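What follows is a single structure, written as structure tokens, with notes after it.
The values are calculated or read from the model by the stated rules, or taken from the named source; none is laboratory data. As the structure is a prediction and not an experimental result, all values here were calculated from the model. Positions of Cβ are generated from backbone atoms using ideal geometry, with glycine treated the same way; all protein chains shown enter the neighbour counts.
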Amino acid sequence: MKLDTLGVQAFISIADRASFQRAANELHISQTAITRRLQTLESNLGVKLIERTTRTVALTATGNDFLPQARRLMGELSNALVEIIESGKARRGDVCIACVPTAGIQFLPRIIQEYSDLFPNNRITILDHSSAAVADAVLRREAEFGINVAQTHHSELTSSRLLTDQFALVCRDDHPLAKKRSLAWKQLAPYPLIFAGQANANRSVLDQALGNSKIKLQLFYEVQRSSTALGLVAEGVAVAVVPRLAVQKAAYPRLRAIALVDPIICRYLVLVARSAAHLSPAAQALYDLIKQRAAASSA
């Protein structure tokens, strides 16, 4: 059954004022309109709520029983609407976003801390997924928006560029390449490499950039996450090609990140959201803050 809020409001106003005319004046409508609203409510409920004569207006027994319930119903609705309005103005609420893991290592933490300082009551859920899973989470509305690697995306998604992230070689400080400040890709040819696996979005970026070159690389190990590559490097298994954002100096103090040039290969991180989406006020505040901080870091 459809909730007839206008009818309930009219019923309460008539009951409180014992007059159709005074109730109509209070609601800024005509007496005919308020009569119609009450009649529609009574018709929907199948009961008579108010008895009216030429001189008096009185509640029926059913109307008398319903009045406190009607007041409670309208009070709860009013409180809920006020809460929504206040939450929108204060940008309060829970937020769920999806992101590729490397975005959550260096770029996102400082922004999350700043956001938490601004909105201490807002809870944040971060779904750290592969690139494909980030897009899926946004499409399925599991996350309001995401941070992803730029690529061809679903027609129902929009993207906005955030950051440029250059690929680098990571090795231990005791490796022969550790003292280099930069390396041409062809200089990696003699060394076994840890490389992004086929399911990783970074792999398509690298394959496309290196596809027309004659550079021969020894791809001995393939991993789906850069964090796994760093762990293998730290144990001396091999050297790895990873995005710069993946490298945490404090986590692995013995690792060295060396710029890779000739060619310089970068990936781009983007904000993704559903094309027709209207972000909640809390999510919009985080979305805007991420864009602002990305723009500032690129300036």
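Can you name the residue in segment 148-181 that is under 17 Å from the mean Cα position of the chain (by Cα) and not in a loop (DSSP other than H, G, I, E, B) and is also nearest to S204 (Cα to Cα) among such residues? If we take residues in segment 148-181 being under 17 Å from the mean Cα position of the chain (by Cα) and not in a loop (DSSP other than H, G, I, E, B), then V149 is nearest to S204 (Cα to Cα). Checking each residue of segment 257-276 against the condition of being part of a helix (DSSP H, G or I), out of contact with any Gly (no Cβ under 7 Å at 6 or more places or on another chain) and either of a type outside the set (A, V, I, L, M, F, W, C) or closer than 21 Å to L162 by Cα (or both) gives no match. Of the residues making up segment 183-221, just one is more than 17 Å from V233 (Cβ to Cβ), surrounded by 15 or more Cβ atoms within 10 Å (Cβ to Cβ) and among the hydroxyl-bearing types (S, T, Y), namely S204. Pairing residues of segment 75-87 that are at pLDDT below 75 with residues that are surrounded by 10 or more Cβ atoms within 10 Å (Cβ to Cβ) and in a helix (DSSP H, G or I), at Cβ distances under 7 Å and at least 6 apart in sequence or on separate chains, gives S87/P281.
Whether a residue is aliphatic (A, V, I, L, M) and within 27 Å of S155 (Cβ to Cβ) was assessed, and I215 does not pass this test.
Just for segment 191-204: of the residues that are outside any loop (DSSP other than H, G, I, E, B) and closer than 14 Å to A132 by Cβ, which one is modelled with the lowest pLDDT? Out of the qualifying residues, it is A201. Pairing residues of segment 269-296 that are in contact (Cβ under 8 Å) with a residue 40 or more places away in the chain and over 13 Å from Y115 (Cα atoms) with residues that are surrounded by 20 or more Cβ atoms within 10 Å (Cβ to Cβ) and polar (S, T, N, Q), at Cβ distances under 9 Å and at least 6 apart in sequence or on separate chains, gives L269/T102; L269/N148; V270/N148; L271/N148; V272/N148.
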